[in-house]
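**Student:** Structure below; questions to follow.
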Amino acid sequence: MIGDALLDAALGGAIFSLKVAAILVPALVLYELLAPLPIFGRWGRALGPALARLGMSPPCSVPLAAGFFLGIIYGAGLIIPIAEEKRIGPGELHSLGLFLCTCHAVIEDTFLFAVVGARGPREVAVRMLILAGARLALAVVVTRGRQVWLQARAPVA
């Protein structure tokens with residue numbers, strides 16, 4: 001009886017681990033294939049005005065994309081060298097960190113949540129839109145709110 005329960009738990013854990021790997025491995029490989037391409041530079045320039053309203057500049061686009069799609073740890077791995085090279089300032093670093101703390105791994109997490117309990121591709125899509133939309137909206141509101149608060153506190157020249 002206990003042996004059967006342990007075997008069922010081990011088998012269930014192994015199957016779940018394979019499902020997680022089936023999501024994470026392709027996502028990481030895709031990112032590694034896209035990283036050297038100019039796509040992130042173009043993306044950063046296109047998002048420049050929106051990033052500026054959130055207290056960030058185009059160099060923030062690469063770690064922002066990595067953190068948004070793959071997670072805060074992967075994004076932090078890109079934030080550290082950019083910050084050490086002084087390509088982004090402390091204020092931008094704070095805005096980037098605040099945004100990613102609120103809204104990280106949106107795609108990865110949503111797929112993982114879907115694997116755990118979704119019934120079919122339609123439900124996966126609906127869950128993804130709801131979760132991604134809510135998290136993105138909250139991140140924009142929180143990060144923009146910080147910018148507005150900082151501007152209100154700035155001394156008038």
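**Student:** Could you tell me whether region 44-56 includes any residue that is surrounded by fewer than 16 Cβ atoms within 10 Å (Cβ to Cβ), of a type outside the set (S, T, N, Q), touching a residue at least 60 places away in the same chain (Cβ under 8 Å) and farther than 30 Å from GLY12 by Cα?
**Tutor:** yes
**Student:** Restricted to region 65-102, and to residues that are surrounded by 22 or more Cβ atoms within 10 Å (Cβ to Cβ) and over 24 Å from PRO26 (Cα atoms), which residue is nearest to the chain's Cα centre (by Cα)?
**Tutor:** Taking the candidates together, the pick is PHE99.
**Student:** Tell me the helices (runs of 4 or more DSSP H) entirely within region 68-157 that contain at least 1 residues that are closer than 17 Å to LEU54 by Cβ and in contact (Cβ under 8 Å) with a residue 60 or more places away in the chain.
**Tutor:** 121-153
Every number here is computed from the coordinates shown, using simple stated rules; none is lab data. Keep in mind it's a predicted model, so treat the numbers as computed, not measured. Every residue, glycine among them, receives a Cβ derived from its backbone with ideal geometry; neighbour counts consider all protein chains shown.
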